[in-house]
1. Looking only at region 125-173, count every residue that is within 25 Å of Gln79 (Cβ to Cβ) and of a type in the set (Asp, Glu) and tell me the total.
2. Just give me the residues in region 396-416 being in a strand (DSSP E or B) and open to solvent by 10 Å² or more (accessible area, probe 1.4 Å), in sequence order.
3. If you check Arg197, Arg153, which single one turns out to be among the basic types (Lys, Arg) and more than 16 Å from ligand 1 (Cβ to nearest atom)?
4. Every residue in region 453-477 that is outside any loop (DSSP other than H, G, I, E, B), over 18 Å from Val307 (Cα atoms) and open to solvent by 10 Å² or more (accessible area, probe 1.4 Å), please.
5. Tell me yes or no: at least one residue of region 444-454 is at pLDDT below 95 and basic (Lys, Arg).
6. If Phe111 satisfies every condition in (1) modelled with pLDDT under 95; (2) surrounded by fewer than 20 Cβ atoms within 10 Å (Cβ to Cβ); (3) within 16 Å of ligand 1 (Cβ to nearest atom); (4) of a type in the set (A, V, I, L, M, F, W, C) but one, which is the exception?
7. Would you mention how many residues in region 159-204 are charged (D, E, K, R), under 28 Å from the mean Cα position of the chain (by Cα) and more than 10 Å from ligand 2 (Cβ to nearest atom)?
Amino acid sequence: MEDVLDSAVGAHFSGLRRDLRRLSSSSSLPSSPSSATCNDASAAAPSGLASPAPRQPFVIGVCGGTASGKTTVCDMIIQQLHDHRVVLVNQDSFYRGLTEEESEHVEEYNFDHPDAFDTDQLLECMGKLKSGQSVNIPIYDFKNHRRCSESFRKVNVSDVIILEGILVFHDQRVRDLMDMKIFVDTDADIRLARRIRRDTVERGRDVLSVLEQYGRFVKPAFDDFILPSKKYADVIIPRGGDNHVAIDLIAQHICTKLGQHDLCKLYPNVCVVQTTFQIRGMHTLIRDREITTPDFVFYSDRLIRLVVEHGLGNLPFTEKQVVTPTGSVYSGVDFCKKLCGVSIVRSGESMENALRACCKGIKIGKILIHRVGDDGQQLIYNKLPSDIAERHVLLMDPVLGTGNSANQAIQLLRSTGVPEDHIMFLNLISAPEGIHCVCKRFPGVKIVTSEIDAGLNEEYRVVPGLGEYGDRYFGTD
Ligand SMILES: Nc1ncnc2c1ncn2[C@@H]1O[C@H](COP(=O)(O)OP(=O)(O)O)[C@@H](O)[C@H]1O
Ligand SMILES: Nc1ccn([C@@H]2O[C@H](COP(=O)(O)O)[C@@H](O)[C@H]2O)c(=O)n1
Ligand SMILES: [Mg+2]
C-alpha cells in the first residue's frame, strides 16, 4: 500500500480551460438532428438509454426585420450547438396560403401583417414539439404564395427549438413559449439591399415589385409591429451574422442551460462533463454487457481521463506571467500545486492512472470500505498522505450509487482535517440518490461526473448502470 504514495515533486497537469466548467451537461440523449425532408420519417431518438425524465426543449425565439440575418444567425447558432439536437422552425412556414382571388391581386396582399400567419397552427406545432412529439410542418412556397399541398417537413423532438420570424415576438402566447428571445438588429438600408437581392434571385420577384412592397407593407409593418416587439428581447444582436462575439456568447449560454441537469440546479457543486457524441458513444460501449474486458478498460480509461481533466479544471489557480522564447510576456495561470488523489478501493484504483497521467508525481492515498450488511458500511483501512489536510483532494470511485461509501470516505477525509470545499469527488456515473446523499451531508464537496443515471433499483444498484465496475475493469467478472 505504501508503494502508491509517490513522492510529490509538484503537481504538473494539463487542465481544461477554466471557462469550460460552466459548460457542464446532463445525460440528455444526443441524436441526429431533425430531418428536413418531405414526407420522410427521420431517425428516431435511441430508446432505453440512461436518460433522466425527459426535459422540455429549450426554446429560442429569433426576431428581426426582413433580411436582418435571422436565418443566418440561426444557422450559426445551430452550427455551434452541433453536439445537441437542434431544430429550426420558421414562422414563414405558417403563412396562410393565398386564395385564388388573393393571388390575382397579390400586390395588394400584406405579408407583413400578423394576420398573414396561421398563429394557432404555429402554437399547436410548438406545443407538440415542446411536449416531446414530432410534428409535420407545412412547406411554404414564396414564389406562388401557397403551401405545398402534398409535402411537409417532419420535425422531431429535440433539445433546442429555434423559432425564427419577423413577428415571433408579436403574440404573447408565442412569446410565452420562449426561454430566450433574440432580436437581430440590422440597419434598414442594409436590409433593403439584401431583400432586393434575395427576392430577385431566390423568390422570383423584380426590383420594382420589391420596392413597391417594401414601401407599402414591409416598412410600415416593421415600424408598427416588429420594432415595438424589440423590447421583449433578452439579447439584441447588432449586425446579425457578422457579430461572431454575440453568437459565441449565445451558443455558450445555451450550452450551459442545456447542461444543467435538474440536480445541478439543486446542487451547484455538481458538475456533469458536457456531453458529446463521443462521450455518449463511450458510455454506450462500457454499458454494453457484451463488451470485451480490453474494450471496457480502453473506453473507461478515456472517459475517466475526461472526468479527471474536468475536475482539475475546477481547481483554483493563480495568475502567472512567463517570458516566451520571443522575449514577450505571456500572462497565464499557475496550477494548484497542493493536491492529492484518494481512491476508494478497489474500483477507484482504475482512476489512478488517469490522475497520474495528468498530474506528474501526484500522491495518491487509498481508502478501503468493507460493506457489512445492507445498510451499514465499515471502514477497515486507509492510507493517506500525512499532510492531506493542506491539500485539495480528488476522491475517486467510478460509480456513485447510494452515496454511503462516498460519505464514509468523505467523513474520514474531514476527520483528518481536509476542509469540505477542498474535496472533489470524481466518478463516471452517479445515481441521483447518491448525489442527494452526498450533497445534503457535505454541501461543500464538489462532485464531477460524466453522466447522471436514472436511479437505484431495489438491490441498490445503479440503473441502467454498468454492473460491477471493479470486476469488469480488472477482469474478475
Ligand atoms: N452578415 C451578412 N453579410 C452579407 N450578407 C448577409 C449577411 N447576413 C445575411 N446575409 C444575406 O442576406 C439575405 C437575408 O439574410 P437572412 O439570414 O435570410 O435574413 P432573414 O432570415 O432575417 O430574412 C440572405 O441572402 C443572406 O445570405
Ligand atoms: N409570399 C410571401 C410571403 C412573405 N413575403 C415576405 O417575406 C418576409 C419575411 O421573410 P424574411 O425571411 O425576410 O423574414 C416578409 O417581409 C414578407 O414581406 C413575401 O414577400 N411573399
Ligand atoms: Mg429568414
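1. 2
2. Of everything in region 396-416, just one residue is in a strand (DSSP E or B) and open to solvent by 10 Å² or more (accessible area, probe 1.4 Å), namely Val399.
3. Residue meeting the stated conditions: Arg153.
4. Once the filter is applied, which keeps residues that are outside any loop (DSSP other than H, G, I, E, B), over 18 Å from Val307 (Cα atoms) and open to solvent by 10 Å² or more (accessible area, probe 1.4 Å), region 453-477 yields Leu456, Val462, Val463, Asp471, Arg472, Phe474.
5. The answer is no; no qualifying residue exists.
6. Result: Phe111 passes all but (1).
7. Selection size over region 159-204: 7.
Table: residues versus (1) in contact with a helix residue (DSSP H, G or I) (Cβ under 6 Å, 6 or more places away or on another chain); (2) at positive phi; (3) more than 16 Å from ligand 3 (Cβ to nearest atom).
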| position | (1), (2), (3) |
| --- | --- |
| Ala188 | no, no, yes |
| Arg191 | no, no, no |
| Arg194 | no, no, no |
| Glu202 | no, no, no |
| Pro220 | no, no, yes |
| Ile226 | no, no, no |
| Lys231 | no, no, yes |
| Ile237 | yes, no, no |
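The values are calculated or read from the model by the stated rules, or taken from the named source; none is laboratory data. Everything numeric here is computed off the predicted structure, so don't read it as measured data. Note that we place each Cβ from the backbone using ideal geometry, even for glycine, and neighbour counts take in every protein chain shown. Side chains are part of the model used for accessible areas, which takes the heavy atoms of the whole protein and leaves out ligands, DNA and RNA. Shrake-Rupley method; radii C 1.70, N 1.55, O 1.52, S 1.80 Å.
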